[in-house]
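What follows is a short report on a single structure.
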Amino acid sequence: MDDTTRLNDTIGPQDPQTIAERVGAGMFAEDAASQGLGMSVDAMAPGYARLSMSVRPDMLNGFKICHGGFITTLADSAFAFACNSANRLTVAAAIAVDFIAPAHEGDRLIAEAKELTQAGRSGIYDVKVVNQRGETIALLRGRSHRLKDQPVVPL
């Protein structure tokens with residue numbers, strides 16, 4: 001029996017998709033940062049999350065483009081939701097972000113995070129941020145670290 005099964009046994013058998021959706025809802029309910037930036041959780045699946053956010057005027061830098069910190073925060077939030085989707089408390093160990101194109105006021109940014117590998121307590125995730133036209137805005141690679149035997153949310 002693996003750790004995820006043991007953690008979730010107390011609530012009865014659930015499929016990984018149901019667990020991912022419940023984790024997403026539970027995490028978002030407590031995530032003041034993502035809520036405050038107007039993010040939404042658009043999809044959750046095992047090892048996967050898609051979040052989106054509209055670029056507001058207060059997110060623009062001195063060049064009148066979206067500040068890279070906001071783009072990074074969206075990508076990092078998608079990363080966090082994806083790596084916690086199995087209901088095992090996981091934190092970021094490292095991220096690297098490449099900015100590809102600017103985002104502008106009114107753009108709807110979509111961050112799609114996908115698990116590439118999970119071995120022991122370490123995982124690697126890629127996040128692609130695109131605008132509403134599907135143009136790539138940024139790429140993030142994240143390395144995660146799972147904490148031992150701690151659920152993310154009660155199921």
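Name every residue in region 67-99 that is surrounded by 13 or more Cβ atoms within 10 Å (Cβ to Cβ) and more than 24 Å from residue 24 (Cβ to Cβ), in order of residue number.
Selection gives 67, 68, 99.
Do we have any residue at all in region 109-117 that's out of contact with any Phe, Trp or Tyr (no Cβ under 7 Å at 6 or more places or on another chain) and among the basic types (Lys, Arg)?
No.
Do you know which of the residues in region 109-155 that are among the polar types (S, T, N, Q) and under 30 Å from residue 55 (Cβ atoms) is surrounded by the most Cβ atoms within 10 Å (Cβ to Cβ)? Quick ask: steps written out before the conclusion?
Residues of region 109-155 among the polar types (S, T, N, Q): 117-118, 122, 131-132, 136, 144, 150.
After this cut, where a residue has to be under 30 Å from residue 55 (Cβ atoms) as well, the list is 131-132, 136, 144.
Numbers: 131: 19, 132: 12, 136: 13, 144: 22.
For region 109-155, the residue satisfying everything is 144.
How about region 121-155: which of its residues are of a type in the set (D, E, K, R) and under 14 Å from residue 86 (Cα atoms)?
Hits for region 121-155 are 121, 146, 148, 149.
Say we look at region 44-65 and pick out the residues that are small (Gly, Ala, Ser) and part of a strand (DSSP E or B); which of these is farthest from residue 113 (Cα to Cα)?
In the first step, residues of region 44-65 are kept if they are small (Gly, Ala, Ser); the result is 45, 47, 49, 52, 54, 62.
Those still in the list that are part of a strand (DSSP E or B) too: 45, 49, 52, 54.
Numbers: 45: 10, 49: 5, 52: 11, 54: 18 Å.
So, considering only residues that are small (Gly, Ala, Ser) and part of a strand (DSSP E or B), the one farthest from residue 113 (Cα to Cα) is 54.
Across region 19-30, which residue is nearest to residue 79 (Cα to Cα) among those that are surrounded by fewer than 17 Cβ atoms within 10 Å (Cβ to Cβ) and either in contact with a helix residue (DSSP H, G or I) (Cβ under 8 Å, 6 or more places away or on another chain) or not acidic (Asp, Glu) (or both)?
Here the residue is 25.
Give region 46-65 a look and list any residue that's without any contact (Cβ under 8 Å) to a residue 60 or more places away in the chain, crowded, with 17+ Cβ neighbours inside 10 Å and out of contact with any Gly (no Cβ under 7 Å at 6 or more places or on another chain), or say none.
Passing the criteria: 52, 59, 65.
Mind telling me which of the residues 75, 101 ends up being closer than 23 Å to residue 20 by Cα, of a type in the set (Gly, Ala, Ser) and touching a residue at least 24 places away in the same chain (Cβ under 8 Å)? Spell out the reasoning first.
Numbers: 101 fails: closer than 23 Å to residue 20 by Cα.
None of the other options fit; the residue is 75.
So for region 1-8 (the condition being at pLDDT below 95, assigned to a loop (DSSP other than H, G, I, E, B), within 21 Å of residue 147 (Cα to Cα) and out of contact with any strand residue (DSSP E or B) (no Cβ under 8 Å at 6 or more places or on another chain)), does at least one residue qualify? Steps first, please.
Keep residues of region 1-8 that are at pLDDT below 95, which gives 1-8.
If we keep only those that are assigned to a loop (DSSP other than H, G, I, E, B) too, we end up with 1-2.
Checking which are within 21 Å of residue 147 (Cα to Cα) leaves us with 1-2.
Restricting the remaining residues to those that are out of contact with any strand residue (DSSP E or B) (no Cβ under 8 Å at 6 or more places or on another chain) gives 1-2.
Yes: one or more hits.
If you take the residues in region 103-130 that are assigned to a loop (DSSP other than H, G, I, E, B) and more than 16 Å from residue 73 (Cβ to Cβ), which one is nearest to the chain's Cα centre (by Cα)?
Taking region 103-130 as the starting set, the residues that turn out to be assigned to a loop (DSSP other than H, G, I, E, B) are 103-107, 120-121.
Filter again for more than 16 Å from residue 73 (Cβ to Cβ), leaving 104-106, 120-121.
Working: 104: 22, 105: 22, 106: 21, 120: 20, 121: 18 Å.
Filtering region 103-130 for residues that are assigned to a loop (DSSP other than H, G, I, E, B) and more than 16 Å from residue 73 (Cβ to Cβ), the one nearest to the chain's Cα centre (by Cα) comes out as 121.
The conditions are (1) within 24 Å of residue 154 (Cβ to Cβ); (2) more than 16 Å from the chain's Cα centre (by Cα); (3) of a type in the set (D, E, K, R), and residue 56 fails exactly one of them. Which is it?
Result: residue 56 fails condition (1) only.
The values are calculated or read from the model by the stated rules, or taken from the named source; none is laboratory data. Here the structure is a predicted model, which is why all the values come from computation and not from measurement. Virtual Cβ from ideal backbone geometry, glycine too; neighbours counted across all protein chains shown.
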